[in-house]
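Take a look at the structure set out below.
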Amino acid sequence: MSASPANGPDPGPANGQDPGPADGPDPGPTGARNGPAVSRRDFDALFAAVRTWGRWTPADRGAWNLVTAERVRGAAAAVRSGRVVPLALPWNTVPGPDNPRPALHHMTDLGDVESPEPATHKDFIAADYHGKSVTHLDALCHVSYRGRLYDGRPSKDVVGAAGARFGAVSALGPLVTRGVLLDLPAVLGVRWLEPGLAVHAEDVLAAERALGVRIGEGDAVLVRSGRTRRRAELGAWDPGTACAGLHVHAVPLLAERGIALLGGDGDSDVRPSPVAGVHSPVHALVVAAMGVPLLDNLDLEALSAATAGAGRYEFLLVVAPLDIPGGTGSPVNPVAVL
C-alpha cells in the first residue's frame with residue numbers, strides 16, 4: 001500500500017485524472033495495487049493455516065465465544081468521555097452503481113382516518129442487505145468455501161429455503177467488546193485509499209504504531225479506507241469492481257491476534273480479488289475459516305474525527321443484530337462509545 005505522505009499534496013482523484021461525472025467516477029486502473037496475486041493452491045494452504053474449526057462451543061457463535069464477561073468489563077473501562085458515535089450508513093432507497101437493489105421504505109398508514117385519538121403513522125422497510133449500500137453484519141452461515149461453512153458444516157445440509165440451521169445470526173446475539181479503529185487515510189495523510197488498493201499486514205502494524213493502539217484477543221477491528229468520504233466528494237462507483245480493502249496476506253496477523261469481529265467502510269476485501277477464482281477471499285478466510293463475523297459498509301467518518309479528537313483509537317463497541325431465526329445476517333447500526 002502506498003500513498004502521498006502526510007505533508008504532501010492532496011492526492012485528489014485516481015491517477016490525478018478528472019473523476020468524470022458525479023454519478024459514476026472512474027476508480028482508475030488497479031494493476032498490481034491489489035496484489036501480489038495468490039494461487040488457489042496457496043490460498044487453500046492459507047485457509048487451512050487460519051482455520052479454527054472445532055475450537056469453540058457453541059460453534060455457530062464462532063469467535064464471539066472469545067468475548068467473555070471479563071472482556072466486556074474491560075471494554076467498558078475504556079469509556080472516558082461517554083461520546084456515542086453511530087456507525088451505520090443512512091437507509092439508502094436511491095438506485096446507483098453501488099446500490100442496484102435499493103432498500104425499501106414507504107408509508108403504510110398516515111393516520112388521517114383513525115378514530116379515536118391518538119392517530120398513528122406507520123411505515124414499512126425492507127432490504128436485500130448483502131450488498132454495498134446497507135450497513136450489515138454477516139453471520140457465519142453467510143459464507144461457505146468449497147461447499148463448507150465454518151466448522152466444516154456442509155452448507156447443503158444446513159442451509160435451505162427456510163434459512164440456516166447452523167451459523168444463523170440468531171445464534172450470535174449482541175456483541176459488546178473493545179473496538180479498534182485502523183484509520184489508514186489518517187496514518188497516510190490522504191483523504192482516502194484509492195479503489196483497488198490492497199492493505200497488507202505491514203500496513204496494519206504500521207497503523208498500530210502510528211495510532212498508538214494494539215489489536216488484542218476478542219477485539220473488533222474496524223478498517224477505514226475513506227470510501228464514504230470518496231463517494232460523498234466524487235460520487236458513486238461500483239465497489240464490487242474496485243474497492244480498497246485487505247489483502248489475504250493480512251489475515252494471518254488478525255488470526256494470530258484472535259479478533260472477534262472485522263469490519264470496514266467497504267466489505268473488507270480488496271477488489272479486484274488477488275485470488276483467481278475466489279471473488280471474496282477475505283470473506284472466505286475470516287468467516288468460513290476463522291469463524292469471525294463481518295461488518296460491511298460502515299460509515300467511519302464521524303468515528304475518525306472523534307478518535308482523532310480524543311487522541312486514542314480504542315473504544316467500546318456495541319453491535320446488536322436483529323434476532324432473525326435462520327438469517328444469514330442483519331442490517332445493523334453499530335455504536336462506538338469513547
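The values are calculated or read from the model by the stated rules, or taken from the named source; none is laboratory data. A quick note: this is a predicted structure, and the numbers were derived from the prediction, not measured. Neighbour counts are summed over all protein chains in view; Cβ atoms, including those assigned to glycine, are modelled from backbone coordinates with ideal geometry. SASA here: full protein model, heavy atoms, side chains in, ligands and nucleic acids out. Shrake-Rupley method; radii C 1.70, N 1.55, O 1.52, S 1.80 Å.
Values computed for the structure shown
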| read-out | value |
| --- | --- |
| Residues of the range 42-65 that turn out to be open to solvent by 40 Å² or more (accessible area, probe 1.4 Å) and small (Gly, Ala, Ser), as a count | 4 |
| Failed item, numbered, when Glu70 is tested on (1) part of a loop (DSSP other than H, G, I, E, B); (2) without any contact (Cβ under 8 Å) to a residue 12 or more places away in the chain | (1) |
| Residue ID - surrounded by the most Cβ atoms within 10 Å (Cβ to Cβ), chosen from residues in the range 98-151 that are under 27 Å from Leu317 (Cα atoms), among the charged types (D, E, K, R) and in contact with a helix residue (DSSP H, G or I) (Cβ under 7 Å, 6 or more places away or on another chain) | Asp138 |
| Verdict on Asp269 being open to solvent by less than 10 Å² (accessible area, probe 1.4 Å), touching a residue at least 24 places away in the same chain (Cβ under 8 Å) and under 21 Å from Glu202 (Cβ atoms) | yes |
| Inter-residue pairs, beta-carbon under 8 Å, first in a loop (DSSP other than H, G, I, E, B) and in the range 273-284, second of a type in the set (Val, Ile, Thr), 6+ apart | Pro274/Val38; Pro274/Val248; Ser280/Val143 |
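For every residue, the table says whether it meets (1) surrounded by fewer than 21 Cβ atoms within 10 Å (Cβ to Cβ); (2) modelled with pLDDT under 95; (3) out of contact with any strand residue (DSSP E or B) (no Cβ under 7 Å at 6 or more places or on another chain); (4) not in a helix (DSSP H, G or I).
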| site | (1), (2), (3), (4) |
| --- | --- |
| Thr177 | no, no, no, yes |
| Leu182 | no, no, no, yes |
| Glu194 | no, no, yes, yes |
| Ala207 | no, no, no, no |
| Gly218 | no, no, no, yes |
| Arg230 | no, no, yes, no |
| Glu233 | yes, no, yes, no |
| Asp238 | yes, no, yes, yes |
